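First the structure, in the form of structure tokens, and then the observations on it.
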Amino acid sequence: MHSKSAAPAAPEIVFERRGRLGVVTLDRPKALNALTLGMIRELDPMLRQWAHDHGVQAVVIRGAGEKAFCAGGDVRAVYEAGRRGTDVLTYEFFFEEYRLNRRINRFTKPYIALLDGIAMGGGLGLSVHGRYRVVTERATVAMPESAIGLFPDVGGSWFLDRAPGKVGAYLGLTGARVKGADIIYAGLATHYVPSADLPALLEALSHTPPEAALHRFAQDPGPAPLAAHRAQIDRAFAPPTASGIIAALGKEGAWGQALAADLAKKSPTSLCATLRLLQRHHRHEIEDCLKGEFRLVQRFMAGHDFYEGIRAVLIDKDHAPKWNPASIEAVDPAAIDAMFEPLESGELTFED
Ligand code: QUE
């Protein structure tokens, strides 16, 4: 039978009103709530409407299921579209995702993300730009794109730049996964609340000013392990080139040598572009950051390493990508700078 089912397709994102709260639930738990273009196309207009709805005092966003807030963008769909040569998705997905990231960044009402599981890449783009980000003991946060031949986008050049010292460069280059206290230390979250208290927090948010509700439930996350490595991070990630950073890590004992070995597995183009991105966008506004990231992502979509990275990590899962260029020394710095040049057409713009 090919007749249409009477039941609508399962929604990927759910919107509810609870008192004066607008609640968003990312609802693809089997895919770790990875963000699809369809979800972006529902969330963006809902936020636009809620921004002007006097009955909505604040917005909460969370992920369905036990494991994830949002593991990232649906890069597998982008990969398949790009490989077929139908580049509308490789264009539209990032264009609309980055516009949504900027809408969240500029949202004038309290926007509260509940990070009770994995939040990576595109998942951070849906949370870090909001006014409040709550992490639990189950939160794991990372910008892991250098492993898939991409770079820390979704405003990464804005929010990693605002982390203390060289912590942003450390997170963006290595893709390090960080937990509770470190997430707050890096500026990526604002409050720590035990997972078991989230239902009560949500209830309080539905009838209490967000600041009061958050203050009532927030606990001390304990010491940040990252703080213990701050001096080493600031020294090792200070050099202006990727090869300089790897050499500096080699002089930071076992900790640094393990990180240098990690970095050697990442896409050389990704590492060089990430470093250049952070340098070029230092202290820039969100629109500038996203516009530059959009130029860069379009160059990555036209290149090699993104397709090889997705193949190695998400398709074949051999975790043995063959990067091209294969080494940092073989990456032409002029070619990296050329990736930031204006697009011939279709630059990222912001309308409202
Ligand atoms: C690096 C990444 C991503 C990744 C793995 C990496 C990423 C991403 C996903 C992902 C995970 C689960 C899914 C999905 C995508 O994995 O950005 O569709 O169901 O989105 O090592 O950057």
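What to note about this one:
- Residues located in the stretch 190-246, provided they are of a type in the set (Ser, Thr, Tyr) and either under 24 Å from the mean Cα position of the chain (by Cα) or not in a loop (DSSP other than H, G, I, E, B) (or both): THR190, TYR192, SER195, THR241, SER243
- Within the stretch 254-302, being part of a loop (DSSP other than H, G, I, E, B) and among the charged types (D, E, K, R) holds for LYS265, LYS266, ARG283, GLU285.
- Filter result (in contact with a strand residue (DSSP E or B) (Cβ under 8 Å, 6 or more places away or on another chain), away from the ligand (no atom under 12 Å from the Cβ) and not in a strand (DSSP E or B)) within the stretch 133-153: THR136, ALA139
- When GLY19, GLY55 are screened for being touching a His at 6+ places or on another chain (Cβ under 9 Å) and more than 16 Å from the ligand (Cβ to nearest atom), only GLY19 passes.
- The residue that is surrounded by the fewest Cβ atoms within 10 Å (Cβ to Cβ), among those in the stretch 66-84 that are closer than 18 Å to GLY149 by Cα and away from the ligand (no atom under 12 Å from the Cβ), is ARG83.
- Residue match in the stretch 156-164 (condition: of a type outside the set (Gly, Ala, Ser), surrounded by fewer than 24 Cβ atoms within 10 Å (Cβ to Cβ) and within 29 Å of HIS207 (Cβ to Cβ)): no
- Candidate set from the stretch 103-132 (those that are aromatic (Phe, Trp, Tyr) and surrounded by 20 or more Cβ atoms within 10 Å (Cβ to Cβ)); member that is farthest from the ligand (Cβ to nearest atom): TYR132
- Contact map, the stretch 164-187: residues that are within 17 Å of LEU114 (Cα to Cα) paired with residues that are more than 16 Å from the ligand (Cβ to nearest atom) and among the aromatic types (Phe, Trp, Tyr), Cβ distance under 6 Å, separation 6+ or inter-chain. Pairs shown: GLY180/TYR192.
Rule-based calculations on the coordinates, nothing more; no lab input. Bear in mind that the values here come from a model prediction, so they are computed numbers and not experimental data. We place every Cβ from the backbone using ideal geometry, glycine too, and count neighbours over all the protein chains shown.
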